[in-house]
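The values are calculated or read from the model by the stated rules, or taken from the named source; none is laboratory data. Values in this document were obtained by computation on a predicted structure and should not be read as measured data. Positions of Cβ are backbone-derived with ideal geometry, glycine not excepted, and every protein chain shown enters the neighbour counts. Only protein heavy atoms, including side chains, enter the accessible area calculation; ligands, DNA and RNA are left aside. Shrake-Rupley method; radii C 1.70, N 1.55, O 1.52, S 1.80 Å.
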Amino acid sequence: MDLFATLGVALGLAMLAGLNLYLTIFITGLAVRADWLHDPQLAAALEGFGHPAVLAVSLGLFLVQFIADKVPWVDSLWDSIHTFLKPAGGVLLALASLGPEAGTFAQVSIAIIALAGSLLTHGVKAGTRLTLNTSPEPFSNLGASIAEDLLVVGGYMVIVANPVAAFFIFALALGLFVYLTPRVTRAIHAILWLIWRKLRVPAGDKSTRRKNLPSKLSSD
């Protein structure tokens, strides 16, 4: 593969892992087993993901996540647990796609790019879901979860069909996530502040409650 195709596969797998790690691993295994990967070097590099044990474990964990990710607040707990697991999995997938012949410089460079892509994707996803959990109705949360699963499937189809196009699509998405991350971080901070404030105020005591956020948490 050329440079852009290699970056498209590595960055794409890392960002999809940041969205849904277990589904990405499971689809990778299916792609290997079903010969969906057109590049023989890429298929050989990812061959280990097609092992029956990897398929079984990733499918089982995906089914657990499929349920947990659609329950308000349970999904945010799940996301917090996977704050380190998803980026690690994203880096693993990206490095595996390079194959054993990749040099040290290429591995380190791809690892850094994959870590940033996976972490930013997970952060935006987790922050968005935390914000949706403040809504009293569960349908927006359910819809977001289903949309994320479909994005993983669609994103993987793009990677398989045209890795070069995948690079530009995922690079554009990465730039968008860089732009959104400070805003999502402020939203998470604000929601956690409100939860902390509510837990501190005794039940029925309205005298010490504040309706306004601190100025440093207010955003446009």
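From the list 17, 88, 44, the one residue that fits, being part of a helix (DSSP H, G or I) and open to solvent by less than 30 Å² (accessible area, probe 1.4 Å), is 17.
Determine whether segment 96-109 contains at least one residue that is open to solvent by 10 Å² or more (accessible area, probe 1.4 Å), in a helix (DSSP H, G or I) and within 16 Å of residue 23 (Cα to Cα). For segment 96-109, residues open to solvent by 10 Å² or more (accessible area, probe 1.4 Å), in a helix (DSSP H, G or I) and within 16 Å of residue 23 (Cα to Cα): absent. Selection of first residues in segment 127-153 that are farther than 19 Å from residue 17 by Cβ and of a type outside the set (Lys, Arg) and of second residues that are at pLDDT below 85 and open to solvent by 60 Å² or more (accessible area, probe 1.4 Å), restricted to Cβ pairs under 7 Å at least 6 apart or on distinct chains, gives the following pairs, ordered by first then second residue: 133/73.
Please work out if residue 32 is without any contact (Cβ under 8 Å) to a residue 40 or more places away in the chain and either touching a His at 6+ places or on another chain (Cβ under 6 Å) or open to solvent by less than 30 Å² (accessible area, probe 1.4 Å) (or both). Yes; evaluated as a whole, the condition is true for this residue. Test residue 79 against the stated conditions and say whether it is among the charged types (D, E, K, R), in contact with a helix residue (DSSP H, G or I) (Cβ under 9 Å, 6 or more places away or on another chain), free of Cβ contacts under 8 Å to residues at least 60 places away in the same chain and surrounded by 14 or more Cβ atoms within 10 Å (Cβ to Cβ). When the stated conditions are applied, residue 79 passes them. Considering only residues that are in contact with a Lys or Arg (Cβ under 9 Å, 6 or more places away or on another chain) and open to solvent by 20 Å² or more (accessible area, probe 1.4 Å), which ones fall in segment 110-125? Residue satisfying the conditions is 119 alone. I'd like to check something: does segment 126-144 contain any residue that is at pLDDT 90 or above and not hydrophobic (A, V, I, L, M, F, W, C)? No, segment 126-144 contains no residue that is at pLDDT 90 or above and not hydrophobic (A, V, I, L, M, F, W, C).
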